[in-house]
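Take a look at the structure below.
Any read-out appearing in this document is the output of simple, stated calculations on the displayed coordinates, not a laboratory observation. Quick caveat, the model's predicted, so the values are computed rather than measured. So basically every Cβ, Gly included, is an ideal-geometry build from the backbone, and we count neighbours across all protein chains shown.
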Amino acid sequence: MISRKELAKMTDHTNIRPTATAEDIKQLCHEATKYGFNTAVVNPTYVPLAVRLLKNTAVKVCTTIGFPLGVTLPEVKAYETKTLAEVGAKEFDMVINISALKSKDYATVKRDIESVVDIKHSHTDSVVKVIIETGFMTDEEKVVACSLSKEAGADFVKTSTGLLVGKATVEDIRLMRKTVGPNMGVKASAGVRTLKQALAMIEAGANRIGTSTGVQIIEEIPE
């Protein structure tokens, strides 16, 4: 059985609800510190607060880019990423340009991802995850999205925003892992709410779990 510490280090503890309050984010950061989660994931408006609350802890601040539709210009995503990195965010979950992918405009999709990945030139400890929004994609499109993300230099591919359609599935995680190979990250996000579900995603090839129920999942593991 995986230990609490091991699973916590694979977990992005998340509150990206549009109705999240400052008190909700304070609670999220408290829980992230208490349980040793890898990151606390917040929307951009709460990055300064999360950075302040998590200062001098091992928990990193993760935030969203181009969220949740992914259809802003690459230059806008680049500015958003650069600004939030300067504030103190370390990980960036960006939404792929879903419309461009559906249009088979793969050059735009790749350039869009690269605009965010470019932050790594000046912030070398940053991590970029590309949300491919699997609920909108055919299997062929999922493969293309993962391949373009890898070519663009992203660190992870991620299943979903959790705000639109679909949930992470074992089948999608297997397909994503097969496409990107053993060295790139795969994040399962949306609908992972129990320890059983988290372990199934890890078994399928995920090495990061995004969930708003991280505390409940961790507490299912005996101390």
Nearest-0.05 FRET efficiency for residue 140 and residue 45, computed from C-beta distance (R0 45 Å):
0.80
Residue 79 to residue 30: extension gain in nm, 0.36 nm per residue of separation minus the Cα-Cα distance?
14.7 nm
Relative to 2.2 N^0.38 Å, what does the C-alpha radius of gyration of segment 176-223 come to as a ratio? Two decimals please.
1.19
Once the convex hull of the C-alpha atoms of the chain is built, how many Å³ does it hold per residue, rounded to a whole number?
107
Output for segment 13-83: trypsin sites (Lys or Arg not before Pro) sitting in coil per DSSP, at most 11 other Cβ within 10 Å, listed by number, reads 55
In straight Cα distance, which lysines are under 16 Å from residue 178, not counting same-chain residues fewer than 8 positions off?
142, 150, 158, 187
Which whole-number value in Å³ per residue fits the convex hull of the alpha carbons of segment 1-131?
119
What FRET efficiency do you get for residue 86 and residue 147 if R0 is 35 Å and r is their Cβ-Cβ distance, rounded to the nearest 0.05?
0.70
Using a simple spin-label model with points 7 Å from Cα along the Cα→Cβ vector, what separation in nm is obtained for residue 183 and residue 71?
3.7
Between residue 108 and residue 22, the two model label points (7 Å from Cα along the beta-carbon direction) sit apart by a distance in nm of 3.9
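Could you give the length gained on full extension between residue 194 and residue 164, defined as 0.36 nm per residue of separation minus the Cα-Cα distance, in nm?
Stretched fully, the residue 194-residue 164 segment lengthens by 8.8 nm.
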With n ≥ 4 as the cut-off for DSSP H runs, can you work out [θ] at 222 nm for the chain, using -39500 (n - 2.57) per run divided by the number of residues, rounded to the nearest 500?
-12500 deg cm²/dmol
Reach of residue 5 by Cα under 17 Å, taken over aspartates and glutamates that are not fewer than 8 positions away in the same chain
31, 219, 220, 223
Any chance you could list P(r) for segment 143-203, counting all Cα-Cα pairs in 5 angstrom bins from zero, rounded to whole %?
4, 20, 30, 24, 17, 6, 1
